[in-house]
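This report concerns only the one structure given below.
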Amino acid sequence: MAISKLQLKGRVRQVKGGLERAAGKLTGSRKLQLKGSVDGAVGSVQVAAGKAKAKAKKVAKKPAKRALRG
């Protein structure tokens, strides 16, 4: 399955957040650590939203099954 733009943006943001957290820890900057944590969390939400959107598109393409056959 191909990765969507939203999922890609989320992955990039997760990596950015991890780097910010590490830099904050290295420099002792609590503010940078917190910013990294927030970016990482937002990235995770973007990835999850991208997966949900892809799943919804896949389900929408399937033909509806008939509930009653007669």
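Of note:
- Highest mobility in the GNM of the chain, judged by mean-square fluctuation with C-alpha springs under 10 Å and restricted to Ala23, Ala56, Ala41, is found for Ala56.
- 0 to 90° range, to nearest 10: angle between helix 5-27 axis and the chain longest Cα axis: 20 degrees
- Gaussian network model of the chain, springs between alpha carbon atoms under 10 Å - residue of Lys55, Lys35, Lys16 with greatest fluctuation: Lys55
- Val59 contributes about 80 Å² of solvent-accessible surface, heavy atoms of the protein only, 1.4 Å probe.
- Potential lengthening between Lys51 and Ala23 on full extension [0.36 nm per residue; Cα-Cα distance subtracted]: 7.1 nm
- Helix 30-61 axis versus longest C-alpha principal axis of the chain: approximately 10°, rounded to the nearest ten.
The values are calculated or read from the model by the stated rules, or taken from the named source; none is laboratory data. Note that the structure is a prediction, hence the values are computed from the model and not measured. Note: accessible area is taken over every heavy atom of the protein model, side chains too, but ligands, DNA and RNA are not part of it. Shrake-Rupley method; radii C 1.70, N 1.55, O 1.52, S 1.80 Å.
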